[in-house]
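The values are calculated or read from the model by the stated rules, or taken from the named source; none is laboratory data. Predicted model only: the values in this text are computed from it and were never measured. Don't worry about glycine lacking a Cβ; one is built from the backbone with ideal geometry, like all the others, and counts go over all protein chains shown.
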Amino acid sequence: MSEIIKGNRDVLEGIEKLATGEDAIQYTTDSFGNGYHWFLLNEPDDVLGAAKILKAHGARLAMITAYNRQEGGESFHNACYEFVLSGVVYSCTVKMTAAHSSVPSITPIFANADWHEREMMELYGIKITDHPDPRRLFLDEELDKGLLGQVVPLSILMNGASSTDLWERILSAREA
């Protein structure tokens, strides 16, 4: 590991054991010298191990996000967990497949994961196992789970676009 890369050596060595695939680990710095560590975890369940390692060293969970990816003509999700420790970002990505279609909740380890995980369940239809409170955050229970991810591009949602047209598209997709 290059000396210019910042980070907690115990954390890095612990998470490196959970990301052993080819090109599963990348280390970068930005123009200000901030360290970024990128890990593609071997299995979705490995996010629990990574979260425990980071929590034990005092890291905070900054963000969890999900995105769609295409593989072999099928659509799958990736979930990316971003932790910060001493100004260094540790990104742990979970690649979901047909064989591994769910990810365990880290809410018992990081309480602030609650809303992030509920949002992934609601908007993307991602299965989060053992979540302590799987209720929806803001969408009506009548709407299918993950419907917004299928009908409305994330870029439109992120821009806060809500119009009559948006809801017409959602409801028409539900009726189809």
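So, residue 11, is that one hydrophobic (A, V, I, L, M, F, W, C), over 23 Å from residue 127 (Cα atoms) and buried (at least 17 other Cβ atoms within 10 Å of the Cβ) or not?
yes
Residue by residue, here is whether (1) under 21 Å from residue 128 (Cβ atoms); (2) without any contact (Cβ under 8 Å) to a residue 60 or more places away in the chain holds:
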| residue | (1), (2) |
| --- | --- |
| 10 | no, yes |
| 23 | no, yes |
| 28 | no, yes |
| 34 | no, yes |
| 38 | no, yes |
| 46 | yes, yes |
| 82 | yes, yes |
| 85 | no, no |
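If I ask for residues that are in contact with a helix residue (DSSP H, G or I) (Cβ under 8 Å, 6 or more places away or on another chain) and assigned to a strand (DSSP E or B), which ones from the range 18-41 would you list?
25, 37, 39, listed by residue number.
Restricting to the range 28-55, name every residue that is surrounded by 15 or more Cβ atoms within 10 Å (Cβ to Cβ) and over 19 Å from the mean Cα position of the chain (by Cα).
The answer is 35, and nothing else.
Out of 13, 43, report the one residue that is acidic (Asp, Glu) and in contact with a His (Cβ under 8 Å, 6 or more places away or on another chain).
Exactly one of 13, 43 is acidic (Asp, Glu) and in contact with a His (Cβ under 8 Å, 6 or more places away or on another chain), namely 43.
Across the range 45-90, which residue is modelled with the highest pLDDT among those that are in a strand (DSSP E or B) and touching a Cys at 6+ places or on another chain (Cβ under 6 Å)?
81
How many residues does the range 91-128 contain that are in a helix (DSSP H, G or I) and hydroxyl-bearing (Ser, Thr, Tyr)?
Count: 1.
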